[in-house]
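Everything below concerns the one structure shown next.
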Amino acid sequence: MTPFTLPAGYTRIKVVQSFAELVTTPFGNGVNALCWQRTLPGDFCEVVNQLGLSEGMNTLDESRLRALSLSAAGRAAADILLHDQQLLHAHGLAPILDCIHAYPRDEPTEAVPTDVYSFHADSAPVATDTYLCSYTEAASEGLRNDEARRRVDVPETRAELLQQFGGEDGDDFLEYLKESCYDLHYAPAPGAQPFSFGLGNLWRIAIQYPGSPVPPCIHRAPETVPDRPPRLLLIS
């Protein structure tokens, strides 16, 4: 498992020691991400190999995991995948376990790419959080809030979006940005240093919603590497 190293001087992340602490610690005082740091036993790559999936995104259910013919190390990994989902279900959440070869991507000509490879914030109309854990391959990446700028606030990008919108920079344009999710995507500042969430660590991150006490945690999916095993991701 890849260790998570707290970015030097970054006070928005808090490392917790248990699932109970992860789900009960409130966001506040600037903290917008909680990390339950774990070193997990088992062979998660064996689970991926036994699935025999060759492309796209595939959601895995309990029956599929239990039906796999695995070694002791592979079964230990599968049991952890099941247990993590049970923990989140018991907390009233609806976790999804995906085996991902690649996500859909926007065309490179888009003024603001809105796929998950772009640094972004999750959003909802009501108070909630995002939980996620990467088990194989590269983990999700985070970007410090003070090293990020909304793409719609970059003058050149905003001008291009205005031309695309075909109107003036007013309330209708702001609604257009929101409906298109352009306002949720961020550009790294020059010299920014993204950080890895690490493999095996279960995270709870703040999202954008009305009245949130903290700014959202900015993150993205890792770049897909050809000829490498797919990614196992738990998200809720």
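The values are calculated or read from the model by the stated rules, or taken from the named source; none is laboratory data. Just so it is clear, the model here is predicted, and its values are computed rather than measured. We place every Cβ from the backbone using ideal geometry, glycine too, and count neighbours over all the protein chains shown.
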Legend entry - Test: residue in the range 116-132 that is surrounded by 14 or more Cβ atoms within 10 Å (Cβ to Cβ), over 30 Å from residue 48 (Cβ atoms) and of a type in the set (Val, Ile, Thr): no
Legend entry - Residue list for the range 169-205, filter: free of Cβ contacts under 8 Å to residues at least 40 places away in the same chain and within 19 Å of the chain's Cα centre (by Cα): 183
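From the list 76, 102, which residue is out of contact with any helix residue (DSSP H, G or I) (no Cβ under 8 Å at 6 or more places or on another chain), surrounded by 15 or more Cβ atoms within 10 Å (Cβ to Cβ) and in contact (Cβ under 8 Å) with a residue 60 or more places away in the chain? So that I can check it myself, show each step before the final result.
Values: 76 fails: in contact (Cβ under 8 Å) with a residue 60 or more places away in the chain.
Of 76, 102, the one residue that is out of contact with any helix residue (DSSP H, G or I) (no Cβ under 8 Å at 6 or more places or on another chain), surrounded by 15 or more Cβ atoms within 10 Å (Cβ to Cβ) and in contact (Cβ under 8 Å) with a residue 60 or more places away in the chain is 102.
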Legend entry - Meets criteria (at pLDDT below 95 and either among the hydrophobic types (A, V, I, L, M, F, W, C) or part of a helix (DSSP H, G or I) (or both)) for residue 65: yes
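Given the options 220, 204, name the one that is in contact with a strand residue (DSSP E or B) (Cβ under 7 Å, 6 or more places away or on another chain), buried (at least 17 other Cβ atoms within 10 Å of the Cβ), among the basic types (Lys, Arg) and closer than 19 Å to residue 112 by Cβ.
Details: 204 fails: closer than 19 Å to residue 112 by Cβ.
The match here is 220.
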Legend entry - Residue that is part of a strand (DSSP E or B) and out of contact with any Leu (no Cβ under 7 Å at 6 or more places or on another chain), where the choices are 99, 35: 35
Legend entry - Complete set of residues in the range 31-57 that are touching a Ser or Thr at 6+ places or on another chain (Cβ under 8 Å) and loosely packed, with under 12 Cβ neighbours inside 10 Å: none
Inset, instruction - From 174, 199, grab the single residue that is surrounded by fewer than 13 Cβ atoms within 10 Å (Cβ to Cβ) and either over 22 Å from residue 116 (Cβ atoms) or of a type outside the set (Asp, Glu) (or both). - result: 174
